[in-house]
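Asker: Take a look at the following structure, please.
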Amino acid sequence: MEDIKVRKKRANMIYRILDPVYTKEKTALKFNNPFELLIATILSAQCTDKRVNEVTKKLFKKYKSPEDYINVPQEELEEDIRPTGFFKNKAKAIRGCCRALIEKFEGRVPSTMKDMVQLPGVGRKTANVVLGAAYDVPGVVVDTHVKRLARRLGLTDNHDPEKIEKDLEALLPRKKWRRFSDILIYHGREVCKARKPLHESCKIRHLCPSSEI
């Protein structure tokens with residue numbers, strides 16, 4: 001295992017090189033308030049942000065509050081979110097989450113990790129997405145891209161998302177946690193792809209232990 005000083009240096013160099021390359025948007029999901037972002041993030045599981053945005057454009061006009069999602073028949077909500085895939089499970093997750101928002105937080109989306117993970121179906125990844133984009137709370141978002149790149153770039157040896165989150169937190173200042181997550185997500189989508197990484201287009205290839213230079 002590499003010395004943490006080596007990993008810190010690599011992480012900061014990656015940050016410095018890629019920060020100017022990618023948009024500063026904290027999420028590609030479209031939302032007007034924390035509640036809409038929470039719903040959009042739940043819908044984004046195994047679905048593209050583009051598709052989610054297409055669905056929520058209509059969805060958010062129909063559903064304005066947690067009560068709206070609970071009062072509508074389950075089948076109707078399923079049809080409204082069908083294009084995002086896994087719509088039955090997502091409908092149940094949304095309704096369960098909305099009930100908890102009403103019962104525990106007076107219908108408002110909480111602004112701390114401790115409270116966010118009390119919501120059914122909300123793990124640390126979803127919580128960090130919402131907390132970072134809606135409330136500017138620093139956090140490392142470990143999605144499939146971050147998990148893949150963190151391992152390829154030699155920034156972690158772990159497979160468990162929570163352990164990867166802690167590993168990345170140890171490498172960078174708190175204020176850079178969320179931005180670093182976004183950088184890895186964008187780079188994973190555009191260059192460091194799962195099956196065929198575009199090595200020739202990679203600006204950090206020289207820093208990557210997995211790259212065959």
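The values are calculated or read from the model by the stated rules, or taken from the named source; none is laboratory data. Remember, it's a predicted structure, so these values are computed and weren't measured experimentally. Cβ atoms come from the backbone with ideal geometry, glycine included; neighbour counts cover every protein chain shown.
Asker: Going through 100, 93 one at a time, which residue ends up being within 27 Å of residue 189 (Cα to Cα) and among the small types (Gly, Ala, Ser)?
Answerer: None of the others qualify; the one that does is 93.
Asker: Here are the criteria: (1) farther than 18 Å from residue 22 by Cα; (2) under 14 Å from the mean Cα position of the chain (by Cα); (3) assigned to a helix (DSSP H, G or I); (4) not polar (S, T, N, Q). Tell me which single one residue 188 does not satisfy.
Answerer: For residue 188, the exception is condition (1).
Asker: Also, I was wondering about something else. Just to be sure, is residue 146 modelled with pLDDT of 95 or more and assigned to a loop (DSSP other than H, G, I, E, B)?
Answerer: Values: modelled with pLDDT of 95 or more: yes; assigned to a loop (DSSP other than H, G, I, E, B): no.
Judged against the criteria, residue 146 is not a match.
Asker: Taking residue 155 and the conditions (1) of a type in the set (A, V, I, L, M, F, W, C); (2) buried (at least 22 other Cβ atoms within 10 Å of the Cβ); (3) closer than 17 Å to residue 11 by Cα; (4) within 16 Å of the chain's Cα centre (by Cα), which numbered condition does it fall short on, given that it satisfies the others?
Answerer: (4)
Asker: Could you count how many residues in the stretch 192-213 are free of Cβ contacts under 8 Å to residues at least 60 places away in the same chain and surrounded by 13 or more Cβ atoms within 10 Å (Cβ to Cβ)?
Answerer: 9
Asker: A further question on this structure: Taking residue 41 as the residue in question, decide whether it is outside the structural domain of residue 152 (by TED's automatic domain parsing) and without any contact (Cβ under 8 Å) to a residue 60 or more places away in the chain.
Answerer: no
Asker: Return yes when residue 189 is modelled with pLDDT under 95 and surrounded by fewer than 20 Cβ atoms within 10 Å (Cβ to Cβ) and no when it is not. Step through it out loud before you land on a result.
Answerer: Values: modelled with pLDDT under 95: yes; surrounded by fewer than 20 Cβ atoms within 10 Å (Cβ to Cβ): yes.
Spelling it out, residue 189 is indeed modelled with pLDDT under 95 and surrounded by fewer than 20 Cβ atoms within 10 Å (Cβ to Cβ).
Asker: Let me ask another. For the stretch 89-129, give me each residue that is assigned to a helix (DSSP H, G or I) and among the basic types (Lys, Arg). I'd like the intermediate steps shown before the answer.
Answerer: We begin by selecting, within the stretch 89-129, every residue assigned to a helix (DSSP H, G or I); these are 89-105, 113-116, 124-129.
Scanning the stretch 89-129 gives 90, 92, 95, 99, 104, 114, 124, 125.
Asker: Could we say that residue 146 is buried (at least 16 other Cβ atoms within 10 Å of the Cβ), within 17 Å of residue 25 (Cα to Cα) and over 12 Å from the mean Cα position of the chain (by Cα) here?
Answerer: On the way: buried (at least 16 other Cβ atoms within 10 Å of the Cβ): yes; within 17 Å of residue 25 (Cα to Cα): yes; over 12 Å from the mean Cα position of the chain (by Cα): no.
Judged against the criteria, residue 146 is not a match.
Asker: Please return the ranges of helices (runs of 4 or more DSSP H) entirely within the stretch 1-88 where 3 or more residues are of a type outside the set (Gly, Ala, Ser) and surrounded by fewer than 16 Cβ atoms within 10 Å (Cβ to Cβ).
Answerer: On the way: elements: 4-18, 34-43, 49-62, 66-71, 74-81.
Answer list for the stretch 1-88: 4-18, 49-62, 66-71, 74-81.
Asker: Okay, next question. Checking the structure you have, find out if any residue of the stretch 127-134 is without any contact (Cβ under 8 Å) to a residue 40 or more places away in the chain, within 14 Å of the chain's Cα centre (by Cα), outside the structural domain of residue 13 (by TED's automatic domain parsing) and closer than 29 Å to residue 188 by Cα.
Answerer: Initially, the stretch 127-134 is screened for residues without any contact (Cβ under 8 Å) to a residue 40 or more places away in the chain, giving 127, 131.
Those left that are additionally within 14 Å of the chain's Cα centre (by Cα): 127, 131.
Filter again for outside the structural domain of residue 13 (by TED's automatic domain parsing), leaving 127, 131.
Narrowing further to those that are closer than 29 Å to residue 188 by Cα: 127, 131.
Looking through the stretch 127-134, at least one residue is without any contact (Cβ under 8 Å) to a residue 40 or more places away in the chain, within 14 Å of the chain's Cα centre (by Cα), outside the structural domain of residue 13 (by TED's automatic domain parsing) and closer than 29 Å to residue 188 by Cα.
Asker: Hey, among 82, 151, which residue is assigned by TED's automatic domain parsing to the domain that holds residue 182, out of contact with any Lys or Arg (no Cβ under 8 Å at 6 or more places or on another chain) and of a type in the set (Lys, Arg)?
Answerer: Numbers: 82 fails: assigned by TED's automatic domain parsing to the domain that holds residue 182.
So the residue among 82, 151 that is assigned by TED's automatic domain parsing to the domain that holds residue 182, out of contact with any Lys or Arg (no Cβ under 8 Å at 6 or more places or on another chain) and of a type in the set (Lys, Arg) is 151.
Asker: Which one of these does residue 175 not meet: (1) surrounded by fewer than 21 Cβ atoms within 10 Å (Cβ to Cβ); (2) in contact (Cβ under 8 Å) with a residue 40 or more places away in the chain; (3) farther than 17 Å from residue 6 by Cα?
Answerer: It fails just one condition, (2).
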